[in-house]
Amino acid sequence: MCIRDSYGTRRLRLARGYTVAHLAAKAGISGGHLSQLERGIYLPTRATAEAIAAALGVEVAELLEPVRT
């Protein structure tokens, strides 16, 4: 599983007006960890991906969809 900035996490976070700190708190992870996930430095565990998706109010699959430019 790969969640990258070009996929959905950052786009969805910004669309909701969430800061990294706010989304990280809602997902129960550190802001630094979320930032690294958004930049593609680390891959999330399934549990982390599910927590981020739940905090954003979306399905995990939406985090994996490529952004159409």
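The values are calculated or read from the model by the stated rules, or taken from the named source; none is laboratory data. Values in this document were obtained by computation on a predicted structure and should not be read as measured data. Backbone-built Cβ (ideal geometry, glycine too); neighbour counts: all protein chains shown. The protein model used for the area step is the full one, side chains on, heavy atoms only, and it has no ligands, DNA or RNA in it. Shrake-Rupley method; radii C 1.70, N 1.55, O 1.52, S 1.80 Å.
Assorted remarks:
- Some residue of region 41-52 being on the phi > 0 side of the Ramachandran plot and either open to solvent by less than 20 Å² (accessible area, probe 1.4 Å) or at pLDDT 90 or above (or both): no
- Assessment of region 53-67 against the conditions (modelled with pLDDT under 85, outside any loop (DSSP other than H, G, I, E, B) and surrounded by 16 or more Cβ atoms within 10 Å (Cβ to Cβ)) yields at least one matching residue.
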